[in-house]
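Notes follow once the structure below has been shown.
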Amino acid sequence: MVIAAFGFGLLYSVPLGSLGQIMLNRAVDKGFWQAFPIAIIGATADFFLCETFLMGTVSIGALNPWLKIILQLTGLIFLFYIGIKELILPLFIGRKGKTTTSHKDRLTRKLKLNGKTILENVFLVGIYYLSNPTYIAFWITFSALINQKFISHHSLFHYTLFSVIFSFGSLMCQYISILFVRKIGKSGVKIGVFKYTSITLYSVTIIYFFYLVAHSM
């Protein structure tokens, strides 16, 4: 169970979606501590999602379908705005003259991690989880699989243990990903490839989410 929980956490949180791309771009542009709090908050959310669905305490029909659609669309519009602001616009705005101070900026921004920044990241992660139309279907299927195949004793302790290890695997995956792109960020040759790949993954995710929400109307 321990290995399965950690492995699922690693695979589940590979940062290929819109939130992952925002996090990785912040790691490259603003520094490690502007990105890692997103990973911590996301892993915490993963723990609560995993625990809740494993225990079967989610009432799917409790939320009005139209209210759910409105919330998802609002969240997607916000994520779209953040993506335009942090991923796309910087490619069209000249950065000449900033290369000599970029390293200093990243160092100083590490010191600016305060309560306001953490609250902004909590809001960002919350909006992403709220707007993601795939989560409910995924967690219903995933929790049923876990309960059937990997948890032999169905108790609060075992559900919590699985959820803790799962969220730790999620955090480790994102931590490694942040360190990896930070190394890429030090290479002027590879950074352009990373940026365009990141925008592509972000765009595909957002378009797919918009399609799913529109299809559910």
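Values in this text are rule-based calculations from the coordinates and carry no lab data. Small disclaimer: the values here were computed from a predicted structure and weren't measured.
Quick look at the numbers
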read-out	value
Between helix 115-131 and the chain: long-axis angle, C-alpha atoms, 0 to 90°, nearest 10	60 degrees
Potential extension, Ile40-Arg182 segment - 0.36 nm per residue separation minus Cα distance	49.4 nm
Segment 115-182: C-alpha pair distances exceeding 16 Å, %	68 percent
Greater than 26 Å apart at Cα, pairs in Lys116/Lys190; Lys68/Lys149; Lys116/Lys183; Lys30/Lys68; Lys30/Lys116	Lys116/Lys190; Lys68/Lys149; Lys116/Lys183; Lys30/Lys68
Max mean-square fluctuation residue, GNM over the chain, Cα-Cα springs under 10 Å, options Phe157, Phe166, Phe123	Phe157
Partner aspartates and glutamates for Lys186 [C-alpha distance under 20 Å; skip if fewer than 8 residues away on the same chain]	Asp29, Glu86, Asp105
Cα-based equivalent ellipsoid, the chain: semi-axes from gyration tensor eigenvalues, Å	32, 21, 15
Using alpha-carbon coordinates, inclination of helix 65-83 to the longest axis of the chain, degrees	20 degrees
